[in-house]
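Please read the structure below before turning to the comments.
The values are calculated or read from the model by the stated rules, or taken from the named source; none is laboratory data. Here the structure is a predicted model, which is why all the values come from computation and not from measurement. No Cβ is skipped: glycine too gets one built from the backbone with ideal geometry, and neighbour counts run over all protein chains shown. The accessibility values were calculated without ligands, DNA or RNA, using every heavy atom of the protein model including side chains. Shrake-Rupley method; radii C 1.70, N 1.55, O 1.52, S 1.80 Å.
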Amino acid sequence: MSTDISTMSAADLKAALKKKQAAEKAEKANAKQSYDKMRDSYIDTVFGKMEDLSGQLKEFKSESVRLGIELHTKMYETLGRAPKEGIDSYTLTSADGIRKVSIERQWRCEYDETSTVAIETIRTVLREKFEGRNKAMYKIIDDILIKNGTGDYDERLVAKLRKHEEAVDDKRFSEALDILARAYRPTTSQMYIRAYRRDDGGKWRDLVMNWSAM
């Protein structure tokens with residue numbers, strides 16, 4: 001087939017165009033396949049390494065916490081004292097005072113079902129006492145205390161009203177705050193372990209274990 005366009009028939013031109021389009025499509029497909037292969041190879045390498053390091057860090061943390069707790073108990077034995085119960089944090093410091101490791105248990109707390117009664121009482125008291133005096137200000141307070149989109153009060157924000165208890169001066173309000181305080185209970189806990197080094201200025205600097213801080 002002649003490659004001189006001026007001498008090519010319509011059928012030849014159509015066939016040549018089709019061939020060119022097929023070649024371009026195949027080229028794009030090959031480029032996409034090559035990219036997909038490089039991408040998956042990269043993900044396999046990075047993901048595999050991160051997964052391995054994550055497992056090692058998890059095991060390292062668990063073992064370090066266990067040994068730290070054992071050392072804390074050993075300290076009491078060495079000093080001839082009975083270990084104290086219910087301690088959620090303690091620190092082990094090196095003899096030279098330059099390094100230390102802190103182990104801490106942080107509790108996650110939630111409000112139980114009795115908080116609903118307390119919240120409704122507080123809401124009623126605030127409405128009775130302040131809506132009539134200054135409707136605009138009451139609306140601002142009400143909006144601040146409401147959770148986004150739910151229409152319910154945020155228990156954590158309501159708990160901060162304790163410092164305004166005297167200003168509200170209502171027995172129902174005080175009793176509701178007491179109920180709310182009792183409704184806040186620990187549910188689960190998480191152990192944390194952190195290491196620090198004292199710098200030349202005497203300040204403790206933590207060893208970075210968080211990727212976002214590196």
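Checked against (1) surrounded by 11 or more Cβ atoms within 10 Å (Cβ to Cβ); (2) under 29 Å from the mean Cα position of the chain (by Cα), K139 meets all criteria but (2). Pairing residues of region 86-103 that are on the phi > 0 side of the Ramachandran plot with residues that are open to solvent by 40 Å² or more (accessible area, probe 1.4 Å), at Cβ distances under 8 Å and at least 6 apart in sequence or on separate chains, gives G97/R198. Tallying residues that are polar (S, T, N, Q) and touching a residue at least 24 places away in the same chain (Cβ under 8 Å) within region 46-85 yields 1.
Restricting region 113-122 to residues that are within 15 Å of R156 (Cβ to Cβ) and without any contact (Cβ under 8 Å) to a residue 60 or more places away in the chain, which is surrounded by the most Cβ atoms within 10 Å (Cβ to Cβ)? Show your work before the answer.
Our first condition is that a residue be within 15 Å of R156 (Cβ to Cβ); within region 113-122, this holds for 115-116, 118-119, 122.
Remaining after also requiring without any contact (Cβ under 8 Å) to a residue 60 or more places away in the chain: 116, 122.
Working: T116: 16, I122: 24.
Checking each candidate, the answer is I122.
The requirement of being in contact (Cβ under 8 Å) with a residue 60 or more places away in the chain, outside any loop (DSSP other than H, G, I, E, B) and more than 30 Å from K58 (Cβ to Cβ) is satisfied by R182.
For region 56-90, residues that are within 26 Å of G202 (Cβ to Cβ) and in contact with a strand residue (DSSP E or B) (Cβ under 8 Å, 6 or more places away or on another chain) total 6.
One residue stands out in region 91-112 among those that are in contact with a strand residue (DSSP E or B) (Cβ under 6 Å, 6 or more places away or on another chain) and either of a type in the set (A, V, I, L, M, F, W, C) or part of a helix (DSSP H, G or I) (or both): the one that is surrounded by the most Cβ atoms within 10 Å (Cβ to Cβ), namely I103.
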